[in-house]
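Report on one structure; see the data block that follows.
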Amino acid sequence: MTESGRSHLTRRRFTGMALAMGSALPAWLSAAEPPAPSPPAHPAITGPESLRAHAAARGVLYGAAVNPALLDVEGLAGTGTTDGYTQLVGAQAGILVAENAMKWAGLRPTADTFDFSLGDRLLRFASLAGQRVRGHNLCWHEGLPAWFKTTATKDNARELLIQHIQTVAGHFRGQLHSWDVVNEAIEPQDGRGDSLRKSPWLELIGPEYVEMAFQTAAQADPAAKLTYNDYGIELDTAEQTAKRGQVLLLLRRMKARSVPIHAVGVQSHLQADGPQPGEGLKSFIREAAQLGLEVYVTEMDVNTHSLDGGPDAQDAAVARVYRDYLGMVLAEPNVPMALTWGITSAHSWLNASTQPWALRPDGARQRPLLFDDDLRPTPAFFAVRAAIDAAHPAAPLPEPSPVPAIDPGNLYKPFPVPGSPTAQPQAARPGTGR
Ligand code: XIL
């Protein structure tokens, strides 16, 4: 974009914000021949006008995924930081999560060693900035170190998983708000009756790896809220409705078997164009409440790879999605927290990826988050703040209703899922032994 294009956009955006905030237009914007303007000051967005302060006023949490290596912890601990990104993260987020640093590949350089330096850096930063931290994640089919493939076997996988969770959750014991214990374990398209994804963990341990992970995490860190986290369960499309139903079955199965689980994470990687979340997700959140579970928005961003138009069009569509989505989910009393996957487009995985689902045909960068590449707030920032202001104040969860008893002969017999087509278990696939 040219410099004149940039100042034009900045001016238009500022005008829109000034109007939205009900303030009078500055003289230089309304005069026919304005004097060369000095850049307008941003509306207040820090201190009491920050997302974390607005969220705290409603008893909810706003947070973001970060790379701890990019945070100026030393500055913050010393005379103060002059780094804009660090200031932004400290000012806006009430809770942080490591985008990659606390995954297996981030913590396990070799099969015999653990490297907690980046995780500890995140905890240190958060404690200086008065923020909570959530852990992500203890068990996932991705984010595994290269040595895993050649080291993990059916004979040692249980021990490997249990030892990892004991060591990692034990290391951070008592310090975390929550842990994503198991990430993305459901994939109906893999064709199993229980809809479990054919992940290395499933192949090496069997379906019981999910419960094993939660039981181990509960022992290692009894204070953290143990979370099952997944994606592709937000929309009312046939595919996502089916997957959401299968996630609910997993949660019910776990509750029926007294597995320690406290929350479900809805990743919320949404698209700026196409269908948006609606009634199906709302009833899922209410079903979760009936099971005594909180629901967290864990990884929200808004992908604009297929949205026509320039930066203004992206910004408007992205802000609408944040407004409508967070408006809907934060109205539910068992949704006390929303995190975005990053905070500025400068560090968004959507701008780092070369996948077709991330690249725009015009080659432009995506603007999926609340701040842009230059750390300026996008319209999405104001949309999120307004949605937070309208959030239902956090309320105690209802007493869980009794979970239907499970036929001990068939742990994976599906329960009927109100509001979604009853998912039928698929027949065992010949030759797979399942
Ligand atoms: C992504 C990170 O953002 C990338 O930097 C990394 O290369 C791959 O993982 N669902 C998750 C996150 O649960 O851990 C993923 O994070 C994004 C999708």
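The values are calculated or read from the model by the stated rules, or taken from the named source; none is laboratory data. Here the structure is a predicted model, which is why all the values come from computation and not from measurement. Neighbour counts run over all protein chains shown; Cβ positions are idealised from the backbone, glycine included.
The residue of region 375-384 that is farthest from the ligand (Cβ to nearest atom), among those that are of a type outside the set (Val, Ile, Thr) and either crowded, with 16+ Cβ neighbours inside 10 Å or free of Cβ contacts under 8 Å to residues at least 12 places away in the same chain (or both), is Phe382.
Residues are listed down the side, and each one gets a yes or a no for (1) hydroxyl-bearing (Ser, Thr, Tyr); (2) surrounded by fewer than 21 Cβ atoms within 10 Å (Cβ to Cβ):
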| residue | (1), (2) |
| --- | --- |
| Glu187 | no, yes |
| Glu208 | no, yes |
| Met212 | no, yes |
| Leu226 | no, no |
| Thr237 | yes, yes |
| Gln240 | no, yes |
| Lys243 | no, no |
| Leu250 | no, no |
| His262 | no, yes |
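Any idea which residue in region 140-157 is surrounded by the fewest Cβ atoms within 10 Å (Cβ to Cβ), counting only those that are in contact with an Asp or Glu (Cβ under 9 Å, 6 or more places away or on another chain) and either charged (D, E, K, R) or within 19 Å of Leu226 (Cα to Cα) (or both)?
Looking only at region 140-157, we keep the residues that are in contact with an Asp or Glu (Cβ under 9 Å, 6 or more places away or on another chain), and these are 140-142, 154, 157.
Next, from what is left, pick out any that are either charged (D, E, K, R) or within 19 Å of Leu226 (Cα to Cα) (or both): 140-142, 154.
Values: Trp140: 20, His141: 16, Glu142: 12, Lys154: 10.
Per the criteria, the residue is Lys154.
May I ask you to say which residue of Asp120, Asp115, Asp72 is in contact with a Leu (Cβ under 9 Å, 6 or more places away or on another chain), of a type outside the set (Phe, Trp, Tyr) and more than 25 Å from Leu326 (Cα to Cα)?
Details: Asp120 fails: in contact with a Leu (Cβ under 9 Å, 6 or more places away or on another chain); Asp72 fails: in contact with a Leu (Cβ under 9 Å, 6 or more places away or on another chain).
Of Asp120, Asp115, Asp72, the one residue that is in contact with a Leu (Cβ under 9 Å, 6 or more places away or on another chain), of a type outside the set (Phe, Trp, Tyr) and more than 25 Å from Leu326 (Cα to Cα) is Asp115.
Take the residues in region 240-261 that are charged (D, E, K, R) and farther than 18 Å from Glu399 by Cβ, then tell me which one is farthest from the ligand (Cβ to nearest atom).
At the first step, the residues of region 240-261 found to be charged (D, E, K, R) are 243-244, 252-253, 255, 257.
Then drop every residue that is not farther than 18 Å from Glu399 by Cβ, which leaves 243-244, 253, 257.
Values: Lys243: 14, Arg244: 16, Arg253: 22, Arg257: 25 Å.
That would be Arg257.
With the requirement that a residue be closer than 21 Å to Met300 by Cα and either within 15 Å of the ligand (Cβ to nearest atom) or out of contact with any strand residue (DSSP E or B) (no Cβ under 7 Å at 6 or more places or on another chain) (or both), what does region 220-239 give you? Outline the logic, then answer.
First, the residues of region 220-239 that are closer than 21 Å to Met300 by Cα: 225-237, 239.
Scanning region 220-239 gives Thr227, Tyr228, Asn229, Asp230, Tyr231, Gly232, Ile233, Glu234, Leu235, Asp236, Thr237, Glu239.
Contact map, region 94-109: first residue within 28 Å of Pro48 (Cβ to Cβ) and of a type outside the set (A, V, I, L, M, F, W, C), second residue assigned to a helix (DSSP H, G or I) and away from the ligand (no atom under 14 Å from the Cβ), Cβ cut-off under 6 Å, separation 6 or more or different chains; pairs are Gly94/Arg52; Gly94/Ala55.
Is it true that Glu332 is among the charged types (D, E, K, R), in contact with a helix residue (DSSP H, G or I) (Cβ under 7 Å, 6 or more places away or on another chain) and within 23 Å of Gly245 (Cα to Cα)? Walk me through it before giving the result.
On the way: among the charged types (D, E, K, R): yes; in contact with a helix residue (DSSP H, G or I) (Cβ under 7 Å, 6 or more places away or on another chain): yes; within 23 Å of Gly245 (Cα to Cα): yes.
Here the answer is yes, as Glu332 does meet what is asked.
Does at least one position in region 390-404 carry a residue that is at pLDDT 95 or above and in contact with a strand residue (DSSP E or B) (Cβ under 7 Å, 6 or more places away or on another chain)? No, every residue in region 390-404 fails to be at pLDDT 95 or above and in contact with a strand residue (DSSP E or B) (Cβ under 7 Å, 6 or more places away or on another chain).
Screening Asp230 with (1) buried (at least 23 other Cβ atoms within 10 Å of the Cβ); (2) touching a His at 6+ places or on another chain (Cβ under 9 Å) gives one miss only, at (2). Considering only residues of region 180-212 that are touching a residue at least 60 places away in the same chain (Cβ under 8 Å) and among the charged types (D, E, K, R), which is nearest to the ligand (Cβ to nearest atom)? Out of the qualifying residues, it is Asp180.
Screening region 46-131 for helices (runs of 4 or more DSSP H) wholly inside it with 2 or more residues that are surrounded by 23 or more Cβ atoms within 10 Å (Cβ to Cβ), aliphatic (A, V, I, L, M) and more than 16 Å from the ligand (Cβ to nearest atom) returns the ranges 51-58.
For Thr304, the conditions (1) in contact with a Pro (Cβ under 8 Å, 6 or more places away or on another chain); (2) over 12 Å from Val384 (Cβ atoms); (3) surrounded by fewer than 24 Cβ atoms within 10 Å (Cβ to Cβ) all hold with the exception of (3).
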